[in-house]
Amino acid sequence: MTTANQSSQRLSPAHRLDRGWLLLALIATLLVAALALGRFTERVDYILYDQALAATDRPSPDDIVIVAIDNRSIEAIGRWPWPRHIHAELLNRLADAQPRTVGYDVLFVDPTPDDAMLADAVRRSPTYLPLVIDVPGSNGAPYDIALPSGPLAAAAAGIAHVNLHFDGDRVIRQAYLEEGDGRRSWVQLGAIMAGVKPGGAPAIEGEDGLRQGRPVLIPYGGATGHIPSISFIDLLNGSVPPELIAGRHVLIGATADGLGDSYPTPKSGATSQMSGVEIQAHLLDALLRGDAIIPASPGWLLGFGLAVVWILLAGLLWLRPRGIAIMTVLVAVAIMMLSFGLFRLAHIWLPPTSALAGLIFVISVEAWRERVRLRDSLIREQIAAAATEGELQAGRTIQLGMLPPRADLSAFDPRLDVDALLEPAKSIGGDLYDVIRIDADRIAFLVGDVTGKGVPAALFMALSKALAKSVVLRGVSSLAEAASILNEELMRDNSESMNVTMLIGIMDLATGELMLMSAGHEHPLHIRADGSVRVHELDGGPPFCIVDFPYPDEPMKLAPGETLLLISDGVSEALNGSSALFGHERLLTALKGKQSATAMIEGVRDAVRMFEDGTDPTDDLTVMAVRYLGSA
């Protein structure tokens, strides 16, 4: 016999290329496009980048040194800002030691009397000075650009910007090597010291109207303090050997507490920050080594994600489920290897998250589609098995699927202890039961037994149960009227000439008052609180679907602790191997000492099965116990 799995595996590509596949392809494509172009995965990408960066520590550079305006220098020289002749004196000290380049990460935009002296010192070494970009600018302008004052701009080897841009989680990971206003552009301080030249007007317009270009991710070589540094005051006092300066790139900037020039970075730690001048030093080190990380453009991200999605989609058409599983693992591994391989070997960061999200989406949806296919195939096999083995098992499935779960009955109402069970026989007779809430204080309950066997009986049972519930809930004036309507409806839809016995009760939970109606069904048992049992005989009438009949309303009342037990003839007419009937006396014995509804119905069931002693039952066994607990 062909299994469901084999049936699914043998689908041809033409059969798999259905509307579901096309819809999956469309949604997956749109999803990846939204993730790649909308930067919705950047927080996860940050985490992955930081983990990749954590594995790339390298030794401190021997060609870069920071001259730190640190706490000790502030204490020795005095309150910041210092007179510019102090800076001039320091630059002269540096010039004597012959550095390769000097980047002075201090703003000198306001003119002072010492500017000429500082300009002379600036000329002695290839010194780069920063400009300042004020946002917003004056007189309604989006920004103002202020160059170093007076002769300083002309004296400098170059003017650089020192703008740093936070990522969405307020961490400095990247820098734009070039910024400008569409007419002019300036290179980042660390970049200009590495020999990077302006490339023209940057293409990316920022929120403040400035244009940024040439973004790079800074591959920090280590945590805060990774770049060698010397104190400003030590260099100024002449206590630093010239060989620590000679031939090196020197960056001068603030590291002292309170100067505000510090930022979180992926390697500065959770509780510390890195000074702006050290970030510039890490950028300079990366550019000198050729290790700066180039972030992939949105177009590359989109192409990467779509390639993954369409490789998977093609695999879904041609591969069997096992092959799809293997392909999924291999593609996921390939995504991670490509992303981290480009990071380590080519210094390109291609975030894998959008591609992985596309993979997960495609495979998750395909797994769901496969489950649906397997379910449908299994249903088809079950139908075929039912046809092969006979329609009785299918009837049993229909019958049990219509019944309320016993767990729901146990929690039906705190004023009521109700439970019921139905065990179908091999030759199904179409038993049924139900408990229905009419309003806050009234419930209806019923037990029925359809004549006939197999699927027709089970289908008529389902019809009878549904119609009975519908009629009870219509709010007719009496149970007798409801019975008349139900009988009429069942006779109208009874193409198989079947009939059904039924006992219906409506109970007021506030008082315990009952209204009963019997259509040819077994009489119920009235079990009092002291355990005594008597048959509650009803006048009733014939089974439904035989003749139009005026079924009577028959009232009774349950006191708190009393029970009404309803059974089908599968109890009273159960047979053992000697063809003896279970009978009334055995039923009474089975109920002795039973207090709860569950104990009663299971006691009856167990007694019947023990009496049958392995004999196949000839009819369904149905028992319902309705025990009134009293109004709360």
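In the stretch 497-531, which residues have a backbone nitrogen under 20 Å from the label point lying 7 Å from Val547's Cα in the Cα-to-Cβ direction?
In the stretch 497-531, the label zone of Val547 (backbone N under 20 Å from the point 7 Å along Cα→Cβ) covers 497-503, 517-522.
Rg and Dmax in Å for the stretch 439-578, alpha carbons only: what are they?
Answer for the stretch 439-578, Rg first and Dmax second: 15.5, 49 Å.
What nm distance separates the two modelled labels at Thr451 and Glu381, each placed 7 Å from Cα along Cα→Cβ?
Spacing of the two 7 Å Cα→Cβ label points: 4.0 nm.
Check which residues have an amide H placed less than 5 Å from Met274's amide H, if you skip close sequence neighbours.
The answer is Tyr263, Thr265.
Just to be sure I understand the model, the point goes 7 Å from the Cα along the line to the Cβ. What's the resulting Arg442 to Arg371 distance in nm?
Taking the two extended label points, one gets 4.3 nm.
Taking H as built 1.01 Å from N, whose amide H comes closer than 5 Å to the amide H of Ile230, not counting residues under 5 places away?
Ile66, Val67, Ala68
Roughly speaking, what is the centre-to-centre gap between the stretch 125-149 and the stretch 433-487 when only Cα atoms are used, to the nearest Å?
Using only Cα atoms to place each centre, the spacing works out to 86 Å.
Any chance you could look up the accessible area of His85 with a 1.4 Å probe, heavy atoms only, rounded to 10 Å²?
Ignoring ligands and nucleic acids, His85 comes out at about 70 Å².
How much accessible surface area, in Å² rounded to 10, belongs to the heavy atoms of Ser268 with a 1.4 Å probe?
Surface accessible to solvent at Ser268 totals approximately 10 Å².
Applying 1/(1 + (r/R0)^6) with R0 = 60 Å to the Cβ-Cβ distance of Leu107 and Met337, what FRET efficiency is obtained, to the nearest 0.05?
Values: r = 45 Å, r/R0 = 0.76.
It comes to 0.85.
Per residue of the stretch 521-533, in order, report the coupling 6.51 cos²θ - 1.76 cosθ + 1.60 (Karplus, θ = phi - 60°) as ³J(HN,Hα) in whole Hz, putting x for Gly and Pro.
9, 4, 5, x, 10, 9, 9, 7, 5, 7, x, 5, 10
Taking GluC sites (Glu not before Pro) as exposed when DSSP calls them loop (any state but H, G, I, E, B) and at most 11 other Cβ atoms lie within 10 Å, what is the longest stretch of the chain free of them, the sites themselves excluded?
208-536
Could you compute the FRET efficiency for Ala466 and Ser272, with r as their C-beta to C-beta distance and R0 at 51 Å, rounded to 0.05?
Calculated value: 0.10.
Using 0.36 nm per residue of separation minus the Cα-Cα distance, give me the extension gain between Glu481 and Glu585 in nm, one decimal.
Values: separation 104, 0.36 × 104 = 37.44 nm, distance 3.51 nm.
Residue separation times 0.36 nm, minus the Cα-Cα distance, leaves 33.9 nm.
Which of rounded, prolate, oblate describes the stretch 264-355, given a ≥ b ≥ c as roots of the alpha-carbon gyration tensor eigenvalues and a/c under 1.5 marking rounded, otherwise prolate only if a/b is larger than b/c?
Because a/c hits 1.5 or more and a/b exceeds b/c, the stretch 264-355 counts as prolate.
Give me the angle, in degrees from 0 to 90, between the Cα long axis of helix 84-97 and the longest principal axis of the Cα atoms of the chain, rounded to the nearest 10.
80
Give the angle, between 0 and 90 degrees and rounded to the nearest 10, that separates the Cα long axis of helix 353-389 from the longest principal axis of the Cα atoms of the chain.
So the inclination is approximately 20 degrees.
If I stretch the segment between Asp50 and Ala223 completely, what's the gain in nm (0.36 nm per residue apart, minus their alpha carbon distance), one decimal?
Value of the extension gain: 61.0 nm.
Express the accessible area of the stretch 129-175 per residue in Å², computed with a 1.4 Å probe while the remaining protein chains stay in the model.
Value returned for the stretch 129-175: 41 Å² of accessible area per residue.
Looking only at trypsin sites (Lys or Arg not before Pro) in DSSP loops with at most 14 other Cβ atoms within 10 Å, what is the longest site-free stretch of the chain?
Value returned for the longest uninterrupted segment is 185-425.
What's the angle, to the nearest 10 degrees (0 to 90), between helix 298-318's Cα axis and the longest principal axis of the chain?
Result, in degrees: 30.
Can you tell me the FRET efficiency between Leu17 and Asp408 if r is taken as the Cβ-Cβ distance and R0 is 51 Å, rounded to the nearest 0.05?
About 0.70, to the nearest 0.05.
How large is the Rg to Rh ratio of the chain when both quantities use alpha carbon positions and Rh follows Kirkwood?
1.33
Sort the following peptides by mean Cβ neighbour count (other Cβ atoms within 10 Å, averaged over residues), highest first: 58-68, 187-197.
Top to bottom by mean Cβ count within 10 Å: 187-197, 58-68.
Obtain the nm distance between the two label points defined at Glu537 and Asp234 by a simple spin-label model: each point lies 7 Å from its Cα along the Cα-to-C-beta direction.
Result for the modelled spin labels: 11.5 nm.
Tell me, what is the percent relative contact order of the chain, built from C-alpha pairs under 8 Å that lie six or more residues apart?
Value for the chain: 12 percent.
Tell me, what % of the accessible area of the chain is carbon and sulfur with a 1.4 angstrom probe?
57
³J(HN,Hα) across the stretch 506-513 via Karplus (A = 6.51, B = -1.76, C = 1.60, θ = phi - 60°), whole Hz, x for Gly/Pro?
Each residue's phi maps through the Karplus curve to give 10, 10, 8, 6, 6, 10, x, 6 Hz.
Given the stretch 63-112 reduced to its alpha-carbon atoms as identical point scatterers, what log10 I(q)/I(0) does the Debye formula return at q = 0.26 Å⁻¹?
-1.26
The values are calculated or read from the model by the stated rules, or taken from the named source; none is laboratory data. Just so we're clear, the structure is a prediction, and the values are computed from it rather than from any experiment. A quick note on method: Cβ atoms are made from the backbone with ideal geometry, for glycine too, and the neighbour counts reach across all protein chains shown. The accessibility values were calculated without ligands, DNA or RNA, using every heavy atom of the protein model including side chains. Shrake-Rupley method; radii C 1.70, N 1.55, O 1.52, S 1.80 Å.
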